[in-house]
Amino acid sequence: VSPPDVWISKHSDAAKRPGDQVVFTIAYGNQGLVLADSVRITDTLPNELFFVEANPLPLTGPTLSSRLTWDIGDLPAQSEPAYIVITATVAPTATLGSTLTNTVNIGTMSPELEMLNNAAQAGVYVTYRVYLPLVMRAYWE
């Protein structure tokens, strides 16, 4: 019998300004042929991202380390993707031109052969608003 194979992926808005909200979408599942036992997802926000909300709500977090945890329970074999949506705010003091990398991990108590798909990252580029002045001149002949 082949073991379970839990997987996870993460996507986010590409660029945001300090003070803006950013949305992260996590997809996860079990592509193995047997049930994955006691699945847990842990998401760690960088210090420059402040947790606002998540759907579903995490079991724990955020703490001082900005770690969010979900105890998923058992995932059936060849499960359809399930989703977690996290909203955070970019810190007003975030460094312009930097990339804030958010990391998520999934694990199971069941032994797995494939572990490379158990972590994912999504980055948000901290940008700034450019104001271009509009100068109008009147030309009379």
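The values are calculated or read from the model by the stated rules, or taken from the named source; none is laboratory data. Please read these numbers as outputs of a predicted model, since none were measured by experiment. Heads up, the Cβs are rebuilt from the backbone with ideal geometry, glycines too, and the neighbour counts pull from every protein chain shown. Just the protein is used for accessible areas: all its heavy atoms, side chains included, with ligands, DNA and RNA removed. Shrake-Rupley method; radii C 1.70, N 1.55, O 1.52, S 1.80 Å.
Determine which member of the set Ile41, Ile72, Ile8 is aliphatic (A, V, I, L, M), open to solvent by 40 Å² or more (accessible area, probe 1.4 Å) and at pLDDT 95 or above. Steps first, answer last, please.
Values: Ile41 fails: open to solvent by 40 Å² or more (accessible area, probe 1.4 Å); Ile8 fails: open to solvent by 40 Å² or more (accessible area, probe 1.4 Å).
None of the other options fit; the residue is Ile72.
Residue-by-condition table, conditions (1) among the aliphatic types (A, V, I, L, M); (2) out of contact with any Phe, Trp or Tyr (no Cβ under 6 Å at 6 or more places or on another chain):
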site	(1), (2)
Ala27	yes, no
Leu33	yes, yes
Leu49	yes, yes
Leu96	yes, no
Leu100	yes, yes
Ile106	yes, no
Gln121	no, yes
Tyr128	no, yes
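From (1) modelled with pLDDT of 95 or more; (2) in contact with a Ser or Thr (Cβ under 9 Å, 6 or more places away or on another chain); (3) under 17 Å from Ile26 (Cα atoms), pick out the condition that doesn't hold for Glu53.
(1)
Restricting the stretch 84-120 to residues that are over 28 Å from Val34 (Cβ atoms) and polar (S, T, N, Q), which is surrounded by the most Cβ atoms within 10 Å (Cβ to Cβ)? Let's see the steps before the verdict.
Keep residues of the stretch 84-120 that are over 28 Å from Val34 (Cβ atoms), which gives 85-102.
Going one step further and asking which of them are polar (S, T, N, Q), we end up with 87, 89, 93, 95, 98-99, 101-102.
Values: Thr87: 15, Thr89: 17, Thr93: 9, Thr95: 11, Ser98: 14, Thr99: 11, Thr101: 14, Asn102: 22.
The qualifying residue surrounded by the most Cβ atoms within 10 Å (Cβ to Cβ) is Asn102.
Would you check which residues across the stretch 56-84 are touching a Ser or Thr at 6+ places or on another chain (Cβ under 9 Å) and of a type in the set (A, V, I, L, M) and list them?
As a first pass, look at the stretch 56-84 and keep what is touching a Ser or Thr at 6+ places or on another chain (Cβ under 9 Å): 58-61, 65-75, 81, 83-84.
If the condition is that a residue be touching a Ser or Thr at 6+ places or on another chain (Cβ under 9 Å) and of a type in the set (A, V, I, L, M), then Leu59, Leu68, Ile72, Leu75, Ile84 are the ones that fit.
Any residue at all in the stretch 44-51 that is touching a residue at least 60 places away in the same chain (Cβ under 8 Å) and either surrounded by fewer than 21 Cβ atoms within 10 Å (Cβ to Cβ) or in contact with a His (Cβ under 8 Å, 6 or more places away or on another chain) (or both)?
Start the filter on the stretch 44-51 by keeping residues that are touching a residue at least 60 places away in the same chain (Cβ under 8 Å), which leaves 44, 48-49.
Imposing the further condition that a residue be either surrounded by fewer than 21 Cβ atoms within 10 Å (Cβ to Cβ) or in contact with a His (Cβ under 8 Å, 6 or more places away or on another chain) (or both) reduces the set to 44, 48.
The answer is yes; a qualifying residue exists.
Which residue is farthest from the chain's Cα centre (by Cα), if the candidates are limited to the stretch 21-30 and must be more than 17 Å from Asn117 (Cα to Cα) and open to solvent by less than 40 Å² (accessible area, probe 1.4 Å)?
Initially, the stretch 21-30 is screened for residues more than 17 Å from Asn117 (Cα to Cα), giving 21-24.
Filter again for open to solvent by less than 40 Å² (accessible area, probe 1.4 Å), leaving 22, 24.
Values: Val22: 10, Phe24: 4 Å.
Here the answer is Val22.
Restricting attention to the stretch 100-120, report how many residues are within 16 Å of Thr69 (Cα to Cα) and under 21 Å from the mean Cα position of the chain (by Cα). Spell out how you get there, then give the answer.
Residues of the stretch 100-120 within 16 Å of Thr69 (Cα to Cα): 102-109, 118-120.
Filter once more, keeping what is under 21 Å from the mean Cα position of the chain (by Cα): 102-108, 118-120.
Result for the stretch 100-120: 10.
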